[in-house]
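For reference, the structure discussed in these notes is given below.
The values are calculated or read from the model by the stated rules, or taken from the named source; none is laboratory data. Just so it is clear, the model here is predicted, and its values are computed rather than measured. Methodologically, a virtual Cβ is constructed for each residue, glycine included, from the backbone with ideal geometry; neighbour enumeration extends over all protein chains shown. Surface accessibility is based on the protein's heavy atoms, side chains included, excluding ligands, DNA and RNA. Shrake-Rupley method; radii C 1.70, N 1.55, O 1.52, S 1.80 Å.
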Amino acid sequence: IYQCDWSSDVCSSDLVVIPTFGRPALLLRAIRSVQAQTRGDFELIVVVDGDDPPTMEALAGVSDPRLRVIVPQEKCGAGGARNLGAAQARGRWVAFLDDDDEWLPEKLEKTLAAAPHERCIITSLIRVVAQHGKRINPTTPYDGRQPIDEWMFDRHSWLRGSEAMIQTSALVFPRALFDELQFVEPHEEWHLCFRAVKRLGYDYVTVREPLVIYYVPVAIASLSNSYRLARTLGWLDANQNLLTRRAYSGFALTAASQVRPEGSRNRAMLRLLRMAFANGAPTPKQLFAFAFIWAVPQERRVRLRALFGRNSYAGTDQSE
């Protein structure tokens, strides 16, 4: 479906990319949130990743000259679908939205207004809607005073979670970045942002108000259900030179430790502990978090963090 007149000015505007498959109702909700933006000079590309008649039928009912729908010849996964969409960009900026998330109306306007130059990645705070309630993430936005991977993976407090977060639906990139880098699964948004900031010198800028609604599916409420440990450790091994030692141990002890292992959990946890000391620089807070994750079931951890580690980022809605 090609609903964009490529001779018009619309198609040289900034680009929004939504990858999707098998979720037509959620996709339409995401599209409506894009259509409601206060900044309307954008093109919207929806990449339907596979044979999906219900989604195509739903998209056929969307009347918007800014919409273009692309169906790749072969399934390419979420990262590949994002890369395919970004390759079509003709404007200066590319924003991404997952099909099960939403933007608040000023998302594009405020994120693009915050760009100090065109060698930066722009994000915002995120309103997270999860099974156990709502919160605002990250509680500690990145300020550039430490390596971005340490901000992401280190532990900055004993019990409070949600200190760092990189989530695709909040990210806006310069189109030119995709001439040098692309999304590579797994952990694709982390990987892309780390490489852009640490290897290419891009700034990482945060609008300090929630402009995205991120819905955490019950089925993948944690890394433990969305990845497998072998794949995560493969990513860690392949990208060891991208991470500081402190970030490496933080990832092993607090991120990888939540991923479901293929075999014995105790054996996997001991392996992660050995890796953290061999290749990283574990801190007391990282080790405490690791012991907490090992000893306390996930449901109880979530409740304890809600009790003792309330979201306290100044400037956010504390009712969340």
Exercise. Take the Cα atoms of the range 13-116, find their three principal axes, and give me the spread along each one in whole Å, biggest first.
Key: 40, 24, 22
Self-check item: Folded to 0 to 90 degrees: helix 265-279 orientation relative to the chain principal axis, Cα
Solution: 90 degrees
Self-check item: log10 of Debye I(q)/I(0), alpha-carbon scatterers only, for the range 75-120 at 0.18, 0.30 Å⁻¹
Solution: -0.72, -1.15
Quiz item: Near Ala115, within a Cβ-to-Cβ distance under 12 Å, what is the net charge of the other residues, with Lys and Arg +1 and Asp and Glu -1?
Solution: -1
Quiz prompt | Where the chain is the region considered: accessible area per residue in Å², 1.4 Å probe | solution = 44 Å²
Quiz item: Which net charge results when you count Lys and Arg as +1 and Asp and Glu as -1 among the other residues whose beta-carbon is under 15 Å from that of Ala247?
Solution: +3
Quiz item: Can you list the residues, at least 5 places off or on another chain, whose amide H is less than 5 Å from the amide H of Leu44, using H built in the peptide plane?
Solution: Val16, Leu67, Arg68
Exercise. Using only Cα atoms, tell me the angle between helix 24-35 and the longest principal axis of the chain; keep it within 0 to 90° and round to the nearest 10.
Key: 70 degrees
Quiz item: Leaving out ligands, DNA and RNA, what percent of the accessible area of the chain is carbon and sulfur, probe 1.4 Å?
Solution: 51 percent
Quiz item: Per q in 0.14, 0.15, 0.16, 0.18 1/Å, what log10 I(q)/I(0) does a Debye calculation on the alpha-carbon atoms of the range 82-166 return?
Solution: -0.65, -0.74, -0.84, -1.03
Quiz item: Residue by residue through the range 54-67, which ³J(HN,Hα) values in whole Hz follow from phi under the Karplus form 6.51 cos²θ - 1.76 cosθ + 1.60 (θ = phi - 60°), with glycine and proline marked x?
Solution: x, 5, 5, 5, 4, 5, 4, x, 8, 9, 7, x, 7, 8
Quiz prompt | CD proxy at 222 nm, helix term only [per DSSP H run n ≥ 4: -39500 (n - 2.57); per residue of the chain; nearest 500] | solution = -10000 deg cm²/dmol
Quiz item: Can you list the residues, at least 5 places off or on another chain, whose amide H is less than 5 Å from the amide H of Thr139, using H built in the peptide plane?
Solution: Glu163, Ala164
Self-check item: Equivalent ellipsoid semi-axes, the chain, via Cα gyration tensor eigenvalues times 5, rooted, Å
Solution: 34, 20, 20
